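Bear in mind that the values in this text are calculations on the coordinates, not laboratory data. Here the structure is a predicted model, which means the values were calculated and not measured. Cβ coordinates were reconstructed from backbone atoms using ideal geometry, including for glycine residues, and neighbour counts include every protein chain displayed.
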């Protein structure tokens, strides 16, 4: 019985230690969207890795910011992008910097991910100045899917703010990558 209490106490303290308070409101926030994300990576030999959680994406006067949280609400990372470059904050890690979000995450993850396009995709647009092929539109003329920079992107469940779901698939360094963002509906 004593061992069970010790194990339970350790678990509770561990969860409390992972909990973080929500970010302070920023007066420079112009738009905010939040929801859930999942990323699945499958290697050629069949090994699959998956991560999921929630996110908050903010368009700010000076750029944009993305907070990724674990399923229990602990902050996993904060990516901030401005004209001066990109920074990545992670708990108990030094601040990382690069000239772009894509460069920064390629350095951290070891694979290029299309994070620089996120600001456009959240609004249901293609990334400017990057070649796009196979654009398909829905019955209302909104972008439904396209190929860009080696990624297949699908927008569905539109609301007044943009797509409610974004599915991105591609292949990077021998891995099939599947990213899903489900955004909360705007009020």
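Which whole-number percent gives the relative contact order of region 28-183, counting Cα pairs below 8 Å spaced six or more residues apart?
18 percent
What is the distance, in nm, between label points placed 7 Å from the Cα along the Cα-to-Cβ direction at residue 128 and at residue 44?
3.9 nm
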